[in-house]
Structure formats: C-alpha cells, structure tokens
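Take a look at the structure below.
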Amino acid sequence: MSIQPSTQPSTHSSSPTYDRVVVAGGSVAGLLAAAALAPLSREVVVLERDDVARHVGVRPGTPQAGQVHGLLASGRLAMEELLPGFTDALLAGGAISRGDIGSNGRWWIGGGLLADTEVGANGVAASRSLIERTVRGLAIRLPQVVVRDRVDVQGLVTDGSGRVVTGVRLRDRATDGPAEELAADLVVDATGRSARSVRWLAALGMAEPPLERVRVGVRYATTHVERRDGDLGGRSVCVSAAVPRVPRVGVAIAQEDDTWVIGVCGYDEEQPPVDADGFRHYAAGVVAPEVAELLAGRALLHPPVTYRFPDCRRRRFDKVDLPRGFAAVGDAVTSVDPAFGQGMSLAALQAVALRRRAGRGLEDVRRRHAVDAAAVAERAWTVVVGADLNLPGVEGARPPGHGAVSRYVARAQRVARRDPVVARTLMRVTNLLEPPTALMRPRIALRVAAGGAASASVLRVTPRSPTRRTPC
Ligand SMILES: Cc1cc2nc3c(=O)[nH]c(=O)nc-3n(C[C@H](O)[C@H](O)[C@H](O)COP(=O)(O)OP(=O)(O)OC[C@H]3O[C@@H](n4cnc5c(N)ncnc54)[C@H](O)[C@@H]3O)c2cc1C
C-alpha cells in the first residue's frame, strides 16, 4: 500500500499545522519527539521496530534498558513540559522522590563526597523501563499520536528534486507484507545510537554527517538488591564517579518494588566481573563506600547483566546541508558515556527544541534544528568527554585548553566537598540545568580560587580488587 505524499503544511494563526509527522523509533527520544510535535500536527505516527507490548523492560531495540538509569532534573522537567503530569504518573508507577536532588543523594565526584547542597530541583528515581512506559502511556493518550509497533523504517522518500523529504519507506513486520510508503511533512530519526538516517541520507546521495568519536571502552554490570528502611540515611541515590586513579563508576538508585539497582562500570582494563562475588569485590573498589555497603549481606536478585559501550559519538547533522522535512533527535545525534546519566535528558531537551523550530515552519527546522540539537548535546559532550579524556585508555581528540580546564574542574570538585555553593553549581552543570561555563562565573571562580589549596588532599582511595576481564 502506498499513501500519497501530503501537501505542504497549512498555516493556522501563527503556527503551521503538519498533516502528518512520522517518527522512526518509538523509544524515549521518539515518543518525546512525538509529544513535542503533537500540538502542531493532525497526526504523528511513531514507527517502532520492536513489539513493545510483548516486552517488559529490555527488548531487542533497547538492550541498554537492563542497565542502571538515572533521570536528570533537567530531563524530568523537559518531559513534564512535553507531557504534563509526567512526574505524577511516574510516582504513581512506583518511582521514588525524596526532595531536592542535591540533598537526596550522596555524590562522590572527583574522588570525594560533595557537600550537602540544594540544587533547586527535585530528583525522581525510577527504572528505565518505568520511565519509558510512563512516557509511552502519556504520549499515546495524545489524540494526534499513533504508535505502530513491529514496523521497520527502511528509508526516506523524497520529491522529484530530492531535496524535500515527503515520507518514509517501511515494512510491517507483523504482516510481513511488501515495502510500503507513508507520506509525511516531517520525518524524525529517533532510531538511537545506530542513527539509521545516516544510511537513508547517503542512499539519496546526500553528504554523510561527520562522526566524532571518543573511545571509552566501558563495560557495565548491573544487578538489583532488596531495599530496606534507613538505607543510605533515607536518600535515594549514590553516585561514585571515576577518577584517573580509580577508573571505576558505582551507582545505586532506589527503584520501584523496594529494590536498589546497583550498577558498576570500568574503563579500559578495569572491566567488572559478572559473577556475584566478583561483582561485590569490584563494587568495593569504587570511591564511594556506600555502594558496597548496600550490597553487603544481601542476595543479588539476579546475576549481573552486562553491556559494552565502546565509544561516545556525535553525528554532526549541523555540519551538512539537510533536506527539508527531516530532523534527528536523541542518541541518533549524540550518545555520551552513560555513566553521566544524560541520554534521556538530552532527548527530552532536543524534543523541546524541535517543538520550537517546528512551530516556525519546515524551513526553520531544516536550517536550525540540527544546530539546536548539537548545542543541547554540546553541554553534555563538554562535561563527559572532558572528564573521560583524563581516564586511562580513553582515546579522542583533546579540545583546546583541555589541560587547564581539567585542572580547574578538579579544583572546583575539591572545593565542592566543603563549599555548598560550588557543589550546587557543579550539580546544576552535571544535571544540564546550567551550562559548563557556570563554573567559571566570577562568584564561583573566586570561591574555587580561595578554597582550592585548602582542600587539595582529600581523595579517598579504597582497596581495589584485581582487574578481571570478562568475556563479551
Ligand atoms: C549502559 C547504558 C546506561 C545508560 N544510562 C543512562 C542513564 O542513567 N540516564 C540516561 O538518561 N540515559 C542513559 N542511557 C542512555 C539512554 O538509554 C538513551 O539515551 C535513551 O534510551 C534514549 O535513546 P533513544 O530513544 O534515542 O534511542 P534508543 O533508546 O536506543 O531507542 C531507539 C529505538 O529505535 C528503534 N529502531 C531502530 N531502528 C529502527 C527502524 N529502522 N525502524 C523503526 N524503529 C527502529 C529501536 O527498536 C528502539 O526502540 C544509558 C545508555 C546505556 C547504553
């Protein structure tokens, strides 16, 4: 079946109305893009390859869903903007909120524990499965949004000029029928890290967006344990970031069903083992003692599940001349080291940006959306890649001034152990509530300069287990 391309978007009052938007990929980024575009469209069709209804949690298209996931404050607020009622729905589904994200967590950053501080935004802890399910539940309630599962998007369809996307080519896996075309005014690529549109654009003879990569070679392992009253002093998150001397991350987040999800990951040679004893031993070697404490005396509810993340990558859609009627969001644009927990939030912030551009018309989307999406991602890229490039085995181009910036940030992290004002700014930057330059503002720079020397020697180094490589 072939559906004819629709006409150009008609305009009502100040905003264009699209007859149909097609979103390729029905995970977090795709569903949020659909929510963003729904008010501007008669119909938004989300095409998802997996049979989502059949899979609870991890499914073939989102293998990362079994790993520990945190939701940044900026991401939750953007999701709330796109899907009003999101936070309440998440809480109704079993998510946990214990107030401000600063005072509600134990944040071991740069080798030490940050001072208790108020960040100015509440944290909500939930599994990735609950987050995606909640986003999906709210998105499909929007009258314009239709989600079709088991549909493989295979390419873009253009008009005679080849410069205007008029729809997608797809195959319905449920019927196993022949390829179809579905017309659209705007096609959004939300197919994740593999960014299928790179091939679709190439097939149309268009320039491939340059790919920037930083090889991190991270391996994750995640399990769950029972959660008890009084754990972590009533807080719901503990994050232990990697530092050059201890290139391991440990994360514990309170989850629904009275559990903690506990994830560890290591860079390069520092690979976590997959057996229960090895996992505990490895967790005892992260900077924060709390991660091992939460594991002590508790059975692992399932064997650790692993995931390999070879590289941070961003596709510079902003550097090529894109056809009209096309946009990309989420991991398809930028996939950063997940240890910083930014992916879903970047997707939400990019969806908000896409709504703004789409409200001004397709030419604005064509010319400006990729620049906006890259700017959103840049904040995360700067923080993550800047930190990762100091870790052993991480390979990538160092940005100009990397050494000086790293030394300044390390100093700010040390000061933040005692100074709640610096800790607050650090937390706001890592939560994407403020740009990295917020750390350089005179008020903060003065505190960093004044406090840096005094607090320079507090790195807590715990005994580390021997490094063990695990099979892929
Ligand atoms: C180990 C790990 C831990 C992470 N931890 C965090 C965290 O703590 N916090 C956080 O915010 N983020 C985290 N992330 C990132 C997060 O999982 C993603 O950013 C998030 O899922 C949004 O991604 P996405 O929707 O762009 O892509 P994905 O979630 O990868 O989804 C892409 C979707 O597109 C579908 N698809 C692919 N090709 C086609 C096609 N041709 N046709 C139709 N459908 C198609 C797939 O089936 C899939 O559903 C982590 C990632 C990893 C790997």
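The values are calculated or read from the model by the stated rules, or taken from the named source; none is laboratory data. Treat the numbers as computed from the prediction; the structure is a model and nothing was measured. Positions of Cβ are generated from backbone atoms using ideal geometry, with glycine treated the same way; all protein chains shown enter the neighbour counts. Just so you know, the surface numbers come from the protein's heavy atoms only, side chains and all, with ligands and any DNA or RNA stripped out. Shrake-Rupley method; radii C 1.70, N 1.55, O 1.52, S 1.80 Å.
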If you wrap a convex hull around the Cα atoms of segment 256-329, how much volume per residue is inside, in Å³? 167
If one takes the longest principal axis of the Cα atoms in the chain, at what angle in degrees, from 0 to 90 and to the nearest 10, does the Cα axis of helix 370-388 lie? 20
Lys, Arg +1 and Asp, Glu -1 on Cβ, resulting dipole of segment 89-237 about Cα centre, debye, nearest 20: 380
Quarter of the Cα convex hull surface for the chain, i.e. its orientation-mean projected area (nm²): 22.2
Rounding to the nearest 20 debye, state how big the charge dipole of the chain is about its Cα centre with +1 on each Lys and Arg Cβ and -1 on each Asp and Glu Cβ. 1180
Using +1 at the Cβ of each Lys and Arg and -1 at the Cβ of each Asp and Glu in the chain, identify which of Ala347, Leu439, Val52 lies farthest towards the dipole's positive end. Leu439
222 nm mean residue ellipticity, helices alone, for the chain (DSSP H n ≥ 4; -39,500 (n - 2.57); rounded to 500): -8500 deg cm²/dmol
Using the scaling law 2.2 N^0.38 Å as the reference, what is the normalised Cα Rg of segment 86-213? 1.53
Please give the helix 73-82 orientation as an angle from the longest Cα principal axis of the chain, in degrees from 0 to 90, rounded to the nearest 10. 20
Using only Cα atoms, find the angle between the long axis of helix 28-37 and the longest principal axis of the chain, and express it within 0 to 90 degrees, rounded to the nearest 10. 50
Expressed as a whole-number percentage, the relative contact order of segment 18-80 with C-alpha contacts under 8 angstrom and at least six residues apart is 29
Share of carbon and sulfur in the accessible heavy-atom surface of the chain [1.4 Å probe, %]: 52
Listed residues Ala139, Val384, Leu71: farthest to the positive end of the dipole of the chain (Cβ charges): Val384
Can you tell me which of 42-51, 272-281 comes out highest on packing, and rank the rest after it, using the mean Cβ neighbours within 10 Å? 42-51, 272-281
Which of the GluC sites (Glu not before Pro) found in segment 261-318 are loop residues per DSSP with 12 or fewer other Cβ atoms within 10 Å of their Cβ? Glu269
Output the peptides 441-449, 252-260, 173-181 sorted from most to least packed, where packing is the average of other Cβ atoms within 10 Å over each peptide's residues. 252-260, 441-449, 173-181
Average accessible surface area per residue within the chain, 1.4 Å rolling probe, Å²: 39
Rh (Kirkwood, all Cα-Cα pairs) for segment 61-155, Å, reads 15.3
DSSP loop chymotrypsin sites (Phe, Trp or Tyr not before Pro) in segment 309-359 with at most 14 other Cβ atoms within 10 Å of their Cβ, which ones? none
Of all trypsin sites (Lys or Arg not before Pro) in segment 337-372, which ones are in loop regions per DSSP and have a Cβ with at most 16 other Cβ atoms within 10 Å? Arg360
